[in-house]
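What follows draws every value from the coordinates through simple rules; no lab data is involved. These numbers come from a predicted model, not from an experiment. Reconstructed Cβ throughout: ideal geometry from the backbone, glycine too, with neighbour counts over all protein chains shown.
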Amino acid sequence: MAKFVAIFIFALIAISMLQTMVMAAHGQGGHHNDQKHYGPGSLKSFQCPSQCTRRCSKTQYHKPCMFFCQKCCKKCLCVPPGFYGNKQVCPCYNNWKTKEGGPKCP
């Protein structure tokens, strides 16, 4: 019986260690909603609406800002930090231009 308990405890420890290594490999260290990482491909497409809501929250042109921000986010998978500027963090977002050569992404 003592052997069974020892093997059972060992198995639980091994499973726990394996789970920790898998979570670390996938970047899930317990900070699921902590968005301190910016840059190309730092977002999933389902995160675009909330990040664009943040980005466009202080503009008087909310609807066009949201439209273009979401379009840019879905293509680049990145939204710069802050409400304005900081586009150098997301090169794709920064370099996408209109036909006239102006910035496409807010």
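Summary table
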| item | result |
| --- | --- |
| Spin-label model distance (nm) - Tyr61 vs Phe10, 7 Å beyond Cα toward Cβ | 6.8 nm |
| Most to least packed among 90-101, 64-75, 44-55 [average Cβ atoms within 10 Å] | 64-75, 44-55, 90-101 |
| Charge tally in the Cβ shell below 13 Å around Leu77, where Lys, Arg are +1 and Asp, Glu are -1, Leu77 excluded | +4 |
| Solution diffusion estimate, µm²/s, Stokes-Einstein, the range 39-101, Kirkwood Rh from C-alpha pairs, 37 °C, viscosity 0.692 mPa s | 284 µm²/s |
